[in-house]
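The values are calculated or read from the model by the stated rules, or taken from the named source; none is laboratory data. Since we're looking at a predicted model, the values are computed, not measured. All Cβ positions, glycine included, derive from the backbone under ideal geometry; neighbour counts span all protein chains shown. What goes into the accessible areas is simple: the full protein's heavy atoms, side chains included, and nothing from ligands, DNA or RNA. Shrake-Rupley method; radii C 1.70, N 1.55, O 1.52, S 1.80 Å.
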Amino acid sequence: MELYLDPNKRHDFILLFDVTNGNPNGDPDAGNMPRIDPETNYGFVTDVALKRKIRDYAAMAYEKEIYIQSKSALNTLYYKAMKDEGFDFPEVAVSDDELLDWLAYKAADVFDVDLETRKVKYTHEFKNYSEIIENLKENIEIPEKLNSKIVQLSKDLVAAQKNIKKKLTQKDRDAIKEVLVKQYYDIRMFGAVLTAGTNAGQVRGPVQLTFAKSISPILPMDVSITRIAITREADKKKKQTEMGRKAIIPYGLYRAHGFYNPKLAEKLCGDGNPVSEEDLKILWDALRNMFEYDRSASRGEMVCRGLYIFTHNDEKGLGAAPAHKLFERLIIKQVDKNSPPRSFQDYEVIMNKDNWPEKIALKEVI
């Protein structure tokens with residue numbers, strides 16, 4: 001096994017990527033313009049955006065199961081994990097159409113509704129029916145005409161709860177958490193908040209990423225575009241085109257830092273470190289290739305320009321050097337500071353290998 005694939009070693013890494021005539025990460029609070037630090041004009045890309053691309057790549061290229069996705073509701077995945085361990089939430093069949101629709105579309109934060117089977121689950125733990133009513137009132141106003149029906153539904157859920165033989169203990173919650181950790185790649189690597197129903201708590205993942213920051217200040221541009229398509233039929237006689245906007249930056253080179261902590265990985269499950277050599281291989285492969293399989297017109301041309309993995313070859317897995325000292329060894333200089341950079345060739349990337357620290361192995365993927 002190569003050292004940078006060892007899940008029992010600590011790894012710190014640097015990701016370099018650039019974007020040309022695109023928007024690497026739009027800000028919904030600023031009209032989807034590229035994210036920027038208004039005090040310095042340096043651009044940034046959130047860790048959430050980078051993790052999304054890693055998740056998508058792991059699912060597409062390696063067919064890994066992903067927890068944070070859009071195909072299935074999180075509660076649905078959570079219930080499935082509970083059933084795999086022999087647990088379930090109480091559920092009640094609802095025959096009243098008006099009540100069912102209200103539960104599904106107005107009280108979805110409290111009830112999980114399956115419209116096909118017409119069954120309703122209460123997604124929190126409770127001791128009596130009044131707790132259900134109180135929790136519901138905290139989240140939404142109950143229509144007066146449905147009040148008696150909801151009270152009866154709450155009583156039916158309490159009765160259904162009594163029919164569930166197996167009661168949850170803290171050990172049971174930990175068992176459910178372990179099922180989710182072992183099943184879903186992104187929980188195992190990045191962690192997750194598992195508060196649906198049983199409140200299994202928070203999983204702190206061994207892999208963490210920082211925001212990516214541009215090496216130089218960026219210049220966001222709002223470019224006007226023309227489309228030959230009319231939205232409304234009534235406008236066909238008035239015009240043949242419509243105007244649109246596209247937010248881009250001409251060029252930006254970004255740098256993100258990341259960390260893999262084997263000690264956090266060991267705490268994920270009670271039977272040892274669940275992170276495998278394959279899991280780390282997928283992570284490195286995703287960081288290197290995720291932009292190749294995430295093309296879109298809005299992001300222009302995004303390219304990974306380098307992945308630098310510092311592996312700590314110590315016995316305890318605690319690390320042999322501070323991460324920031326290792327990161328400082330990668331020096332990026334703008335060749336001509338008098339003109340704005342417009343390509344990767346406008347930078348010089350240098351890895352300082354003088355007085356290299358003991359027990360630190362470097363893997364460069366360029």
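Within the stretch 31-76, the residues that satisfy the criterion of being open to solvent by less than 30 Å² (accessible area, probe 1.4 Å), over 20 Å from Trp284 (Cβ atoms) and at pLDDT 95 or above are Pro34, Gly43, Thr46. Of all residues in the stretch 256-277, those that are surrounded by fewer than 18 Cβ atoms within 10 Å (Cβ to Cβ) have Cβ atoms under 8 Å from Cβ atoms of residues that are at pLDDT below 95 and assigned to a strand (DSSP E or B), 6 or more apart or on another chain, in Lys267/Arg204. The set of residues in the stretch 328-364 that are in a strand (DSSP E or B) and open to solvent by 40 Å² or more (accessible area, probe 1.4 Å) comprises Ile331, Lys333, Gln334, Glu348, Val349, Ile350, Leu362, Lys363, Glu364.
Every listed requirement among (1) in a strand (DSSP E or B); (2) more than 27 Å from Gln345 (Cβ to Cβ) is met by Phe17 save one, (2). Under the condition of being more than 22 Å from Gly306 (Cβ to Cβ), over 16 Å from the mean Cα position of the chain (by Cα) and either in contact (Cβ under 8 Å) with a residue 60 or more places away in the chain or outside any helix (DSSP H, G or I) (or both), the residues counted in the stretch 27-71 number 12. The residue that is farthest from Ala192 (Cα to Cα), counting only those in the stretch 72-86 that are assigned to a loop (DSSP other than H, G, I, E, B) and out of contact with any strand residue (DSSP E or B) (no Cβ under 9 Å at 6 or more places or on another chain), is Gly86. Among the residues of this structure, Ile150 does not count as one that is touching a helix residue (DSSP H, G or I) at 6+ places or on another chain (Cβ under 6 Å) and among the hydrophobic types (A, V, I, L, M, F, W, C). In the set (1) open to solvent by less than 20 Å² (accessible area, probe 1.4 Å); (2) over 18 Å from the mean Cα position of the chain (by Cα); (3) of a type in the set (Asp, Glu), the condition left unmet by Glu138 is number (1). For the stretch 216-227, the criterion of a residue being under 25 Å from Leu307 (Cβ atoms), of a type in the set (Gly, Ala, Ser), part of a strand (DSSP E or B) and touching a residue at least 40 places away in the same chain (Cβ under 8 Å) is satisfied by at least one position.
Selection of the stretch 287-304 for residues being modelled with pLDDT under 95 and aliphatic (A, V, I, L, M) yields only Ala297. Looking across the stretch 324-338, just one residue is over 16 Å from Lys363 (Cα atoms), in contact (Cβ under 8 Å) with a residue 60 or more places away in the chain and out of contact with any helix residue (DSSP H, G or I) (no Cβ under 7 Å at 6 or more places or on another chain), and that is Ile332. Please go through the stretch 231-264 and give me each residue that is touching an Asp or Glu at 6+ places or on another chain (Cβ under 9 Å) and not in a strand (DSSP E or B), ordered by number. Matches in the stretch 231-264: Thr231, Asp235, Pro262.
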